[in-house]
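First the structure, in the form of structure tokens, and then the observations on it.
We did not get these values from a lab; they are worked out from the coordinates using the rules stated. From a predicted model like this one, the values you see are computed outputs, not experimental measurements. FYI the Cβ positions are ideal-geometry reconstructions off the backbone, even for glycines, and counts take in every protein chain you see.
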Amino acid sequence: MLCENIKGCLFYNDKMDIDSALGKMYKRKYCEGDKTICARYIVASRIGRENVPANLYPNMHERAKKILEERGLSLD
Ligand code: SF4
């Protein structure tokens, strides 16, 4: 299912530097597949889209975990 954050998402709108084949793969896997495992989506849904770092890629789960932990939240 399409991620509802597609509009305005820096990753989906090609505002983040990434190899185009890898970018396509990530879009299929996360944005058009399972948004709930996207690091950007996870951070946005817990603490707001304005708090998603501009350079956080969908596969950066460890970093998403740290961002949430800094605010006393967990990934689960
Ligand atoms: S799945 Fe992640 S990268 Fe894709 S549009 Fe949603 S928030 Fe952006």
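Calculate the dipole size of the chain relative to its Cα centre from +1 charges on Lys and Arg beta carbons and -1 charges on Asp and Glu beta carbons; express the result in debye to the nearest 20.
On the way: 14 positive and 11 negative charges, 20 e Å.
With Lys and Arg at +1 and Asp and Glu at -1, about 100 debye.
Find how much the distance from Leu75 to Ile47 grows on full extension, using 0.36 nm per residue of separation minus their present alpha carbon separation; answer in nm with one decimal. Can you show the working numbers first?
Numbers: separation 28, 0.36 × 28 = 10.08 nm, distance 1.17 nm.
Working it through step by step, the gained length comes to 8.9 nm.
Grab every C-alpha pair in the chain, bin the distances at 10 angstrom width from 0 up to the longest one, and report whole percents.
For the chain, the pair-distance distribution reads 21, 57, 22, 1.
Label 7 Å along Cα→Cβ of Asn55; segment 27-41 residues with amide nitrogen under 19 Å?
39-41
As a check on your grasp of the helix formula, calculate [θ] at 222 nm for the chain: sum -39500 (n - 2.57) over DSSP H runs of n ≥ 4, divide by the residue count, round to the nearest 500.
Details: 3 runs with 25 residues, N = 76.
So the helix-based figure for the chain works out to -9000 deg cm²/dmol.
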